[in-house]
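In what follows, a single structure is set out as structure tokens and then discussed.
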Amino acid sequence: MEHTLHLQIWPVLLFPLIGFVINGLFGNKLGNKVAGWFATSMVGLSFIWGVVLFFKYQGAGLHGTAVEQTLFSWIAVGNFNVNVAYQIDPLSLVMLLVVTGVGFLIHVYSNGYMKGDPGTPRYFTYLNLFIFMMLNLILANNFLLMFLGWEGVGLCSYLLIGFWFEDEAKATAGKKAFIVNRVGDFGFLLGMFLLYSAFGTLHFSSIFSEANTLFVDTGVITAITLLLFVGAMGKSAQIPLYVWLPDAMAGPTPVSALIHAATMVTAGVYMVARSNALYSLAPISQNVVAWIGAITAVFAATIALVQNDIKKVLAYSTISQLGYMFIGVGVGAYAAGVFHLMTHAFFKALLFLAAGSVIHIMEHAFHDAGIHDKDPQDIRNMGGLHKYAPFTAWSFYAAWFAIIGIPLFSGFFSKDEILAKSFGFNPWIWALGAFGAILTAFYMSRLTYLTFFGKFKGNKETENHLHESSKVMTVPLVVLGVLSVIGGYIGIPKLLGGSNHFEHFVASVAPEAESIHHLSHGTEWMLLLTSIVLAVGGLLIALAFYHWKKISAEKTAERFGGIYRLLLDKYRVDELYNFMIVQPIVRGSRWLWQYFDAKFIDGFFVNGIASTTKFVGDKVRKVQTGVIPNYALFISVGTLFIMLYFLIW
Amino acid sequence: MTLPVTYPIVLSLILFSIGVLGVLTRRNAIIIFMSVELMLNAVNLAFVAFARQFGSVDGQVIVFFVMTLAAAEVAVGLAIIVALFRNKNTLNVDEIHLLKN
């Protein structure tokens, strides 16, 4: 059954594509300013089209049915048919609005942040390509087109992390992100192969409608979902493939906000929510997803406790929050997971943009004060910035309250919904999530306090040069600040007298799995109050450390020296991977190069064949005497042999 | 009494072998040349013998062709030998190895 919308989907993708092509070809001629605003307006148009699509869809009264529009046939080989076709349904609409909306704000902000950078046109080219690829990922109506977007955003991520590629560390960080993602993509590919062999198609609605009715073995579904989740682990930075995300902070800060916080890293969550029909059939996969999410949430939060780089704290915070989303989609509360995805996109994009603004302010202050050896990203150099950067500070507070789950802020509703659902699935997962919540409250409060409150830790000269960032940067901050506050009101749970519009909207395509037990009102209230207590508790502990100085942070670090250093070194996971995987590969490759390639391939095959030919040639050339009678003799002997041959056979 | 075909064929074989041996063993270019002629005529003999055996004129016709060809060859070949002798001052083929190097 084909539903029509009387409105085309493809223009949404066309705008950023135009921006990419024009900026890619003529960006340097257009100049930084024109290129930047052109790219921004293209994403803006895309957002407007998305909003129109949203209202058209709502007006059509489709109740969650997908509207599909086929552009052209992409691959048609025998029974294997894949179209370039897009679909609109509540899930992709939510993603569409988040990606283009937050993307637009970040584009605006980038105009201020990248001011004066000679690579600006290239930057906006990549950014528009990213939006285009991300839209392919979320609007595709089949797994292969989704995978195209999946790979495309990975490419853009690589290009933008290594944007300042003259710095080798940054180029290396880009490579690391790309290679770690390859591991995940391998799983995704295998999952797709298995999907095709089981269902004979990669088309979403065909697969999902057949998943229930078709006689497909649960084991196969479990294998498919686990393999797809391996892809999600890579893209959405979950244990054990999360190591690339902290390094990805080498890219420009708006990139961290857009790609590595708000949109691309949530692709895994979207994919699981999209494949809900499969995951709901595979309890083992559900458990794996939920447990990995829960462990990641706590694991990353503990690292974030002690980091001193403002972006590193936010990076680990992102990994941790992604863990929460996976708890949501893992336990089968897909709407809750996607809800947190959306609120997180608001407040985490804001946190990164505000951090970018802080870094910008610090950089300029250091520069103007003639200090070159201090790290503008180190929170130990900051403090008391509220006075100098009020817009940045206030919007940062909005995101701070949202992420730690202070009531009435957006993160409160989404995180609480995830925790409540996880309690109905398995109380132990809830316990991990709750523990993560208190850690989150602590590290975010610590970060906020050390950055904006207290006394400035630089010298007087630097302090005189602290100035708030330009309007172009602060306006997106304020908009996102407002969204971080009110973004949760579309999903107020019934318990608090709301009607949870968001859940109804998304649940029409991603209904809750049956694995969640229904909770009584009493239990729900208990969980809600616990969340609030944990959030406020974490906040107060942080204040006790850094404001009231009741507990000395230095002494605590000293007393738990071993643990402190372990956390500061990020559990030395990078070192472990380096020792267990990277080094053996490097050594193996070196052996292959110096022995196998040099001795065997080059020595035996290449040079061996040449020297054998030369040796034989040296021997045989003596036959070529140049004396005619010898040749005549050979001819005669040859003729004799031929005659013998005919005589004998 | 008719002559059995074996006789002329055997004679032809002997003549041909003498020719081959002559080409292979002799060093004088003119002798080699004559040996080649001998081989040609041995073949002619075989042709005629078989033509008679099978009652067909084809073999006899081909012999005429071979004789014309041999005549042409003699003309060209002798010219080459004369030219060779003028250049090299010898007709010993062992000393004539222009193909080498």
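The values are calculated or read from the model by the stated rules, or taken from the named source; none is laboratory data. This one's a predicted model, so the numbers in the text were calculated from it and none came from an experiment. Note that each Cβ is placed from the backbone with ideal geometry, even for glycine, and that neighbours are counted across all protein chains shown.
Tabulated data
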{"item": "Selection count where residues are in contact with an Asp or Glu (Cβ under 8 Å, 6 or more places away or on another chain), surrounded by fewer than 24 Cβ atoms within 10 Å (Cβ to Cβ) and in a helix (DSSP H, G or I), scope the stretch A:463-502", "result": "2"}
{"item": "Criterion violated by B:SER35 - all others in (1) surrounded by fewer than 15 Cβ atoms within 10 Å (Cβ to Cβ); (2) within 14 Å of chain A (Cβ to nearest Cβ) satisfied", "result": "(1)"}
{"item": "Evaluation of A:GLY626 against (1) surrounded by 10 or more Cβ atoms within 10 Å (Cβ to Cβ); (2) part of a helix (DSSP H, G or I); (3) not assigned by TED's automatic domain parsing to the domain that holds A:ALA248 (one fails), failing number", "result": "(2)"}
{"item": "Unique match (being more than 14 Å from every other protein chain (Cβ to nearest Cβ) and modelled with pLDDT under 90) among A:ILE609, A:ILE551, A:ILE628, A:ILE585", "result": "A:ILE551"}
{"item": "Criterion (part of a helix (DSSP H, G or I) and more than 11 Å from chain B (Cβ to nearest Cβ)) met by exactly one of A:LEU640, A:LEU633, A:LEU647", "result": "A:LEU647"}
{"item": "Answer from A:TYR242, A:TYR279 - the residue that is modelled with pLDDT of 90 or more and under 12 Å from the mean Cα position of the chain (by Cα)", "result": "A:TYR242"}
{"item": "Hits in the stretch B:34-58 - residues which are within 22 Å of B:LEU91 (Cβ to Cβ) and either in contact with a Phe, Trp or Tyr (Cβ under 6 Å, 6 or more places away or on another chain) or not in a helix (DSSP H, G or I) (or both)", "result": "B:MET39"}
{"item": "Candidate set from the stretch A:219-257 (those that are β-branched (Val, Ile, Thr) and assigned to a helix (DSSP H, G or I)); member that is nearest to A:THR296 (Cα to Cα)", "result": "A:VAL230"}
{"item": "The stretch B:43-101, residues that are in contact with a Gly (Cβ under 6 Å, 6 or more places away or on another chain) and either within 13 Å of chain A (Cβ to nearest Cβ) or within 23 Å of A:ALA632 (Cα to Cα) (or both)", "result": "B:HIS97, B:LEU99, B:LYS100"}
{"item": "Selected residue (only one of B:VAL93, B:VAL5 is within 30 Å of A:LYS622 (Cβ to Cβ) and touching a Lys or Arg at 6+ places or on another chain (Cβ under 9 Å))", "result": "B:VAL93"}
{"item": "Yes/no for A:TYR86 being among the hydroxyl-bearing types (Ser, Thr, Tyr) and under 20 Å from A:GLY152 (Cα atoms)", "result": "yes"}
{"item": "Residues of the stretch A:195-229 that turn out to be crowded, with 22+ Cβ neighbours inside 10 Å and β-branched (Val, Ile, Thr), as a count", "result": "4"}
{"item": "Number of the condition not met by A:PHE545 [criteria: (1) free of Cβ contacts under 8 Å to residues at least 60 places away in the same chain; (2) more than 29 Å from the chain's Cα centre (by Cα); (3) closer than 27 Å to A:TYR324 by Cβ]", "result": "(1)"}
{"item": "Selection from the stretch A:466-503 of residues that are closer than 23 Å to A:GLY330 by Cα and without any contact (Cβ under 8 Å) to a residue 24 or more places away in the chain", "result": "A:ILE490, A:LYS494, A:ASN500, A:HIS501"}
